[in-house]
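In what follows, a structure is listed as structure tokens, so that the remarks can point back to it.
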Amino acid sequence: MENIKIRDLKREDIPYIVDIQINGWKAAYKGIIEDEYLNSMNREERIRKRENDYKEFNYIVAELNSEIVGFCKYIDNNTHTPNIEDIDCEIIALYVRPDMKYKGIGTTLFNYAKKEFISKNKKKMIIWCLKDNEPSKLFYKKMGGNIFKEKDIKIGDIYYKEVGFLYNLERI
């Protein structure tokens, strides 16, 4: 898609990315995660959490016509997934506004983070995805990843399966 601008997250962008995340979860995880949890997602609580952690991670936003339409959170070390050998970078979150999916925004965000990692001589990247989230799994495969690990994640009071997609950045 033309005119997608990628830039660093600013503090004033936080409410917009929180809305994208909450709406993204409600659209993507309906039928996967219990409705009770999805309906109880607290916007103000998530805004406070992002305000406390947005400087600890790399955050970028995608803008289209001066409107934020997606974001990516990534880290150039393995502190988020420390128990897997050889992983030295991770995309922690990648969200596109539900009404803007399939327009190249996710690909643009993904490639930006990947290029950042390559420029820092990172070798192996991971991104986690709910195992039952078929559209996202197809996207991560299309982007060149292979499922190599599975783990449990607790969301609310229920455990769900996540799959980790591995990317060998030395072969890209």
- Query: Amide H to amide H under 5 Å from residue 68: which residues, 5+ apart in sequence or cross-chain, H placed 1.01 Å off N in plane?
  - Reply: none
- Charge-dipole axis of segment 5-171 as Lys and Arg at +1 and Asp and Glu at -1 on Cβ define it, positive-most pick from 69, 18, 121: 121
- At a Förster distance of 30 Å, what's the computed FRET efficiency of residue 52 paired with residue 27, Cβ-Cβ distance as r, to 0.05? 0.70
- Item | Distance from segment 96-156 to segment 21-75 (C-alpha centre basis), Å | 15
- Task: May I ask which of 131/151; 26/55; 26/141 have a Cα-Cα span longer than 20 Å here?
- Result: 26/55; 26/141
- Message: How big is the dipole moment of the chain about its Cα centre under a simple scheme where the beta carbon of each Lys and Arg is +1, that of each Asp and Glu is -1, and everything else is neutral? Debye, nearest 20, please.
- Response: 500
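When all alpha-carbon pairs of segment 5-171 are counted, what percent fall beyond 24 Å? Kindly include the intermediate steps, with their values, before the conclusion.
Details: 4690 of 13861 pairs.
Beyond 24 Å sits 34 percent of the P(r) for segment 5-171.
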- Pop out the ³J(HN,Hα) list for segment 112-127 in order, Karplus 6.51 cos²θ - 1.76 cosθ + 1.60 with θ = phi - 60°, rounded to Hz; leave Gly and Pro as x. 4, 4, 4, 5, 4, 4, 4, 5, 9, 6, 6, 10, 9, 10, 10, 9
- Estimated inter-spin distance, residue 8 and residue 146, nm [label 7 Å along Cα→Cβ]: 3.6
- Item | Karplus-derived 3J(HN,Hα), 6.51/-1.76/1.60, for each residue of segment 33-41, Hz, glycine and proline x | 9, 4, 4, 4, 5, 4, 6, 9, 4
- Under 5 Å between amide H atoms, partner at least 5 residues away or on a different chain: which partners does residue 124 have, H built in plane at 1.01 Å? 88, 89, 169
- Would you mind checking which residues have amide H under 5 Å from residue 92's amide H? H placed 1.01 Å from N; only 5 or more apart, or other chain. 73, 74, 75
- segment 15-25 - phi-based ³J(HN,Hα) in whole Hz, Karplus 6.51/-1.76/1.60, Gly and Pro as x: x, 5, 6, 5, 4, 4, 5, 4, 5, x, 4
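Only the coordinates and a few stated rules stand behind these numbers; no lab work does. Since we're looking at a predicted model, the values are computed, not measured. Positions of Cβ are backbone-derived with ideal geometry, glycine not excepted, and every protein chain shown enters the neighbour counts.
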